[in-house]
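First the structure, in the form of structure tokens, and then the observations on it.
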Amino acid sequence: MRQRHWFSILTILSIMVIVFTAGCGNGNQTANAAQGSGNGANASGNASKDAADKPANAAATNGASGGDKKDWPEVIRFGVLPGEEEGKLSRGNQQFVDDLGKALGIKTELYVGEDYTAVIEAMRTKKIDIASFGPFSYIIAAQRSGAVPFAVKAASKEAAFYHSLIVVPANSPAKSIADLKGKTFLFADPASTSGHLFPRMMMIKELGITNDQVDSYFSNVSFSGGHDKSILAIAKGQADGAGVCDSCIKRVVDAGLVKESDYKVIGTSDPIPGSPLAYRGDLPAGLVEKIKDFVFNYDKQNPEFFKDAKGSMTHYFPVTDADYQVVKDTAKALNMSPEELLK
């Protein structure tokens, strides 16, 4: 009995030793495997980091990646004047804005300002990002709103000019600006190039008076609020004279709102550089390049947008601030500051 008892105890102890030894061996193997797995994970993590860094660096080098849009605004707004987007006078700006949004892959909106001042202030307060300015309103926008010109629509870069006209009703006896003394006169807008700035310069040169004497030369001087409103007033005999741009009159005539027989021209200005598209100077560089790429290739996408009143094709051509020096010089000669014009 005792022998069996001791034999049983020895058997149990032997089994326990074997199990303990095997357990330790498996534990070491498991630990080693775990350590190896950990080192593999670190290696994999480093490899993943290196792989992730390469495209990022490549994107930074190439300047083109979906990630570049992180500093883009959620919405791009394009500003225009009322006369550029009203009924028969519409220039198709809404389609332009919609197509721009598709090209950029972000939301776009059209902003129609009440006048030049509204568009300039909208850019200053960052309510719009791109705008169609007149040459003089661009200069004011550059000073006040950081506007940067980049494109002008024309048949060619050499043809990217227009003129300011002094017009009177068809039945007016006036044959020159001098004949309007004591009469009523309409400017378009305080910040208008061809509807204010250049007409004033024409009066100063022809009449031999100073800028301060211009208003008193007439019985009444006022602003109509737009070129279209000025030519309509002349056609209806509601004013004796007005300063308007030649291309603006052409649009109103082509829209059937006025006939060429309703008015006559008694004065023409020197050539004026065309109205530029301008972007806000603090926009991300990558976004600006995408906008330029769209604008300068848009004639291929939407040819109808570029047909002028005669059905001839126009295009967008690059411009810089230097192209508007003649307008700056004219404003300086008239001593006209943004503060005076936008008060």
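The values are calculated or read from the model by the stated rules, or taken from the named source; none is laboratory data. Owing to the predicted nature of the structure, the values given are computational and were not obtained by experimental measurement. Note that each Cβ is placed from the backbone with ideal geometry, even for glycine, and that neighbours are counted across all protein chains shown. Ligands, DNA and RNA are stripped out before the accessible areas are found, and what is left, the full protein with its side chains, is counted by its heavy atoms. Shrake-Rupley method; radii C 1.70, N 1.55, O 1.52, S 1.80 Å.
Filter segment 180-197 down to the residues that are more than 25 Å from the chain's Cα centre (by Cα) and in a helix (DSSP H, G or I) and list them by number. Steps first, please.
First, the residues of segment 180-197 that are more than 25 Å from the chain's Cα centre (by Cα): 180-187.
The one that is more than 25 Å from the chain's Cα centre (by Cα) and in a helix (DSSP H, G or I): Leu180.
When restricted to residues that are in contact with a strand residue (DSSP E or B) (Cβ under 6 Å, 6 or more places away or on another chain) and either part of a helix (DSSP H, G or I) or surrounded by fewer than 16 Cβ atoms within 10 Å (Cβ to Cβ) (or both), segment 137-160 contains 3. Every condition in (1) open to solvent by 60 Å² or more (accessible area, probe 1.4 Å); (2) farther than 15 Å from Lys153 by Cα; (3) out of contact with any helix residue (DSSP H, G or I) (no Cβ under 8 Å at 6 or more places or on another chain) is met by Glu304 except one, and the failing one is (2).
Assess whether Ala333 counts as being more than 19 Å from Ser132 (Cα to Cα) and under 17 Å from the mean Cα position of the chain (by Cα). Write out each step before concluding.
Details: more than 19 Å from Ser132 (Cα to Cα): yes; under 17 Å from the mean Cα position of the chain (by Cα): no.
No.
Would you please name the residue that is surrounded by the most Cβ atoms within 10 Å (Cβ to Cβ), looking only at residues in segment 201-249 that are of a type in the set (Ser, Thr, Tyr) and in contact (Cβ under 8 Å) with a residue 24 or more places away in the chain? Among those that are of a type in the set (Ser, Thr, Tyr) and in contact (Cβ under 8 Å) with a residue 24 or more places away in the chain, it is Ser230.
With the condition kept exactly as written, say whether any residue in segment 285-292 is in contact with a Leu (Cβ under 9 Å, 6 or more places away or on another chain) and among the basic types (Lys, Arg). Lay out the reasoning, then the answer.
Of the residues in segment 285-292, the ones in contact with a Leu (Cβ under 9 Å, 6 or more places away or on another chain) are 287, 290-291.
When the remaining residues are screened for being among the basic types (Lys, Arg), the result is 290.
Yes, there is a match, as at least one residue in segment 285-292 is in contact with a Leu (Cβ under 9 Å, 6 or more places away or on another chain) and among the basic types (Lys, Arg).
Of the residues making up segment 317-337, just one is of a type in the set (Val, Ile, Thr), more than 27 Å from Tyr298 (Cβ to Cβ) and surrounded by fewer than 17 Cβ atoms within 10 Å (Cβ to Cβ), namely Val326.
With respect to Ser230, is the statement that it is in a helix (DSSP H, G or I) and within 25 Å of the chain's Cα centre (by Cα) true? Criteria not met by Ser230. Could you list all residues from segment 289-306 that are among the polar types (S, T, N, Q) and without any contact (Cβ under 8 Å) to a residue 60 or more places away in the chain? Of everything in segment 289-306, just one residue is among the polar types (S, T, N, Q) and without any contact (Cβ under 8 Å) to a residue 60 or more places away in the chain, namely Asn297.
Output the residue which, of all residues in segment 250-279 that are out of contact with any strand residue (DSSP E or B) (no Cβ under 7 Å at 6 or more places or on another chain) and not in a loop (DSSP other than H, G, I, E, B), is most open to solvent (accessible area, probe 1.4 Å). The residue in question is Glu260. Here is the figure for segment 90-129: residues that are at pLDDT below 95, open to solvent by 50 Å² or more (accessible area, probe 1.4 Å) and among the β-branched types (Val, Ile, Thr) total 1.
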